[in-house]
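Here the structure is laid out as structure tokens; the discussion comes afterwards.
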Amino acid sequence: MTSSIFVLGAGMVGTCTALHLQQRGFDVVLVDRREPGQETSFGNAGLIQQEAVEPYAFPREPGFLLNVALGRGAEVHWHARGLWQMAGSLLRYLRHSHPKRHALATKAYSRLIAHATHEHDLLMAAAGAQDLVAREGFRFVFRTPEAFDEAAQRASALQDRFGVRYQAENTTQLAQAEPALQRSMAGAVHWLDPWAVNNPGALVQRYADLFVARGGRVLTGDAASLQPQGAGWSVQTTEGRVDAEQAVLALGPWADGLIRTLGYRFPLFIKRGYHQHYTSPAQVRQPLLDAERGYVLAPMQRGLRLTTGAEFAPIDAPPTPVQLAKAEALARELVDLGQPLPEPPWLGARPCTADMLPVMGPAPRYKGLWFNFGHAHQGFTLGPVAGRLLAEMVHGQPTWVDPTPYLPARFV
Ligand SMILES: Cc1cc2nc3c(=O)[nH]c(=O)nc-3n(C[C@H](O)[C@H](O)[C@H](O)COP(=O)(O)OP(=O)(O)OC[C@H]3O[C@@H](n4cnc5c(N)ncnc54)[C@H](O)[C@@H]3O)c2cc1C
């Protein structure tokens with residue numbers, strides 16, 4: 001079987017890349033070992049984070065770091081083997097998180113985020129996926145007045161600089177807006193521009209259905225079988241070998257494993273995260289971040305989804321849902337969670353880079369090979385933007401965002 005290009009990985013990023021390549025006239029095959037949108041893009045908090053103009057920096061507050069080291073708090077959990085494995089990348093992440101460097105990363109990151117809801121909107125309209133999305137924002141809720149005041153000032157600065165809209169809500173306004181909260185909170189920063197998807201995996205599947213309806217093929221195969229073939233590339237699928245002139249690697253947190261076999265050592269690492277659904281009778285209206293405790297509650301089709309912060313552990317280490325237990329106890333202070341659905345916690349991994357910017361562009365040294373991974377905390381948000389930018393580069397047309405900060409060559 002031949003195609004002009006195949007995309008390995010049918011998460012949000014790979015599926016959107018396939019769609020955008022198709023729109024530009026390529027004959028595209030999308031290959032995954034599972035159905036589209038069944039991994040990281042399935043289990044996230046479903047937020048299209050138009051407010052997330054700053055990439056997530058390595059925390060630098062000594063008190064916070066001490067708590068993490070001592071295993072206190074719900075925000076971070078670590079395995080010694082995970083820290084050891086990722087030590088080099090984490091040290092570079094710490095260096096890149098210096099305020100001056102972080103400001104540069106923010107400049108590049110915010111350019112992508114700026115287009116997130118618009119690019120999703122175009123795909124949602126074409127895919128008939130509007131029923132999966134609520135466009136009423138996302139709240140950071142605060143337990144203490146000090147943290148609320150600081151966050152409101154920060155939000156105001158971000159609004160001035162990037163145009164991300166918010167409303168500060170005091171205790172009463174928040175209680176009225178979100179009656180499910182059973183505890184009096186100091187206040188909330190209500191970001192007005194983010195959208196909430198109530199079934200993230202289903203959204204990827206709808207985008208994949210659109211790709212198929214437009215003539216694309218989705219095949220089951222293992223990316224590890226990727227081989228240079230003549231002037232192009234091949235991959236084995238259950239339908240046989242697929243040959244193409246070009247290939248895109250969009251393997252999210254598994255990208256590192258594959259690019260190592262091609263001789264690359266990029267400063268990549270993962271932050272694992274868990275979710276659990278609850279029967280909650282409380283009817284939380286919009287997703288909320290318990291900002292001083294580090295977990296998210298998001299209403300989903302299946303119930304109220306609680307997602308956790310970062311766990312530094314090897315990608316294949318058995319689940320250790322320590323944070324989930326802690327976050328559940330904290331969430332029960334805020335809302336009536338009800339019972340967990342009778343299923344094991346979901347576990348996934350955010351694909352991160354030391355400089356907090358995704359890896360998008362031509363693979364150095366290999367002709368016809370392209371990378372699109374490393375979208376970290378906002379890969380669900382950035383999928384359509386990342387897909388469009390990569391497709392424009394492959395097509396050789398002028399890109400609507402300068403791709404320089406994201407090019408893989410920066411790590412070589
Ligand atoms: C707890 C949690 C909450 C999050 N919340 C949000 C949020 O609210 N908003 C947001 O924007 N982002 C969020 N994220 C981040 C977001 O989910 C990821 O950045 C995004 O899903 C990455 O998409 P992807 O397509 O790169 O990777 P994936 O969705 O993981 O896709 C990679 C694909 O590659 C396939 N694959 C891997 N290896 C092989 C192989 N050998 N052969 C064939 N196929 C293979 C996998 O099956 C998978 O389908 C969250 C992440 C976590 C963990």
Conditions: (1) open to solvent by 10 Å² or more (accessible area, probe 1.4 Å); (2) touching a residue at least 12 places away in the same chain (Cβ under 8 Å). Ala325 meets all but one. Number of the miss?
-> (2)
For region 369-404, name all the residues that are part of a helix (DSSP H, G or I), touching a Lys or Arg at 6+ places or on another chain (Cβ under 8 Å) and open to solvent by 30 Å² or more (accessible area, probe 1.4 Å).
-> His377, His395
In the set Leu306, Leu289, the lone residue that is within 14 Å of the ligand (Cβ to nearest atom), buried (at least 19 other Cβ atoms within 10 Å of the Cβ), over 20 Å from Gln38 (Cα atoms) and under 19 Å from the mean Cα position of the chain (by Cα) is Leu289
Spot the failing condition for Met12; the list is (1) modelled with pLDDT of 95 or more; (2) open to solvent by less than 30 Å² (accessible area, probe 1.4 Å); (3) more than 7 Å from the ligand (Cβ to nearest atom), and only one is missed.
-> (3)
Across region 195-217, what is the number of residues that are farther than 28 Å from Thr353 by Cα and either of a type outside the set (Asp, Glu) or in contact with a Pro (Cβ under 7 Å, 6 or more places away or on another chain) (or both)?
-> 9
Within region 321-338, identify whether any single residue is within 16 Å of the ligand (Cβ to nearest atom), farther than 30 Å from Arg24 by Cβ and part of a loop (DSSP other than H, G, I, E, B), and answer yes or no.
-> yes
Scan (1) assigned to a strand (DSSP E or B); (2) within 13 Å of the ligand (Cβ to nearest atom); (3) crowded, with 19+ Cβ neighbours inside 10 Å for the single condition Trp233 breaks and write down its number.
-> (2)
Among Ile270, Ile259, the single one that is of a type in the set (A, V, I, L, M, F, W, C) and either out of contact with any strand residue (DSSP E or B) (no Cβ under 9 Å at 6 or more places or on another chain) or in a strand (DSSP E or B) (or both) is Ile270
Considering region 367-388 alone, what residues qualify as being away from the ligand (no atom under 14 Å from the Cβ) and either modelled with pLDDT under 95 or under 30 Å from Arg272 (Cβ atoms) (or both)?
-> Leu369, Arg388
Of (1) crowded, with 20+ Cβ neighbours inside 10 Å; (2) out of contact with any helix residue (DSSP H, G or I) (no Cβ under 6 Å at 6 or more places or on another chain), Arg260 satisfies every one except (1)
Condition met for Arg241 (part of a strand (DSSP E or B) and open to solvent by 20 Å² or more (accessible area, probe 1.4 Å)) = yes
Filter region 195-217 for residues that are of a type in the set (A, V, I, L, M) and surrounded by fewer than 21 Cβ atoms within 10 Å (Cβ to Cβ); which is farthest from Arg24 (Cα to Cα)?
-> Ala202
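With respect to Ser3, determine if the residue is open to solvent by less than 30 Å² (accessible area, probe 1.4 Å) and more than 10 Å from the ligand (Cβ to nearest atom). Give the steps one after another, and end with the answer.
Details: open to solvent by less than 30 Å² (accessible area, probe 1.4 Å): yes; more than 10 Å from the ligand (Cβ to nearest atom): yes.
So Ser3 fits the description; yes.
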Kindly check whether there is at least one residue in region 55-63 that is away from the ligand (no atom under 15 Å from the Cβ) and in a helix (DSSP H, G or I).
-> yes
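The values are calculated or read from the model by the stated rules, or taken from the named source; none is laboratory data. Quick caveat, the model's predicted, so the values are computed rather than measured. Ideal geometry is used to build each Cβ from the backbone, glycine not excepted, and the neighbour counts take in all protein chains shown. Each accessible area value is taken on the protein alone, full model and side chains, heavy atoms only, with ligands, DNA and RNA left out. Shrake-Rupley method; radii C 1.70, N 1.55, O 1.52, S 1.80 Å.
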